[in-house]
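The values are calculated or read from the model by the stated rules, or taken from the named source; none is laboratory data. Quick caveat: nothing in here was measured; it's all calculated off a predicted structure. Every residue, glycine among them, receives a Cβ derived from its backbone with ideal geometry; neighbour counts consider all protein chains shown. We work out accessible area using only protein heavy atoms, side chains counted, and drop any ligands, DNA or RNA first. Shrake-Rupley method; radii C 1.70, N 1.55, O 1.52, S 1.80 Å.
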Amino acid sequence: MTIKSLQEPSAQDEMDIQALIERWARAVREENRSEIRADHDSEMLMFDVPPPLLSRRLDAYMATWEPFLSWSEKPVAFGFHDVKITAGKDVAFATATGRCAGVDVHGKREELEFRLTMCLRKMDGRWRVVHEHHSLPTE
């Protein structure tokens, strides 16, 4: 068995993935569902914080956005910092720390800082999200 190491990412790959993450975060803030899904593969898998903890395929992933957007304060707060990208020729992953805010069932504002990991594949010259993982730090 031969294991190939990741090739050095091109500056363009890093910029393309950074732009993808920024487009996705902007789409969430704008509650633009078609743009939220635009760069995700139809066979994607997501691990999330609130149930369902696992969503297979794009339609199941998109169904998780309705409760999130209902919970979110308006305008929607959703952004990332400390974005790190590791890319090879056709596979990449990105990690980041994110922030969002919403309103609980009692009307109290909640702020969350969470971790994001995205796994991407380059298909037909375009980066696509194939796995997304959100987690909360334990205290």
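Quick notes
- His133 being open to solvent by 40 Å² or more (accessible area, probe 1.4 Å) and either of a type in the set (Lys, Arg) or not in a strand (DSSP E or B) (or both): no
- Of the residues making up segment 20-53, those that are in contact with a strand residue (DSSP E or B) (Cβ under 7 Å, 6 or more places away or on another chain), modelled with pLDDT of 95 or more and not charged (D, E, K, R) are Leu20, Ile21, Ala25, Val28, His40, Met44, Leu45, Met46, Phe47.
- Number of positions in segment 111-130 that are within 19 Å of Thr64 (Cα to Cα) and either open to solvent by less than 30 Å² (accessible area, probe 1.4 Å) or not in a strand (DSSP E or B) (or both): 4
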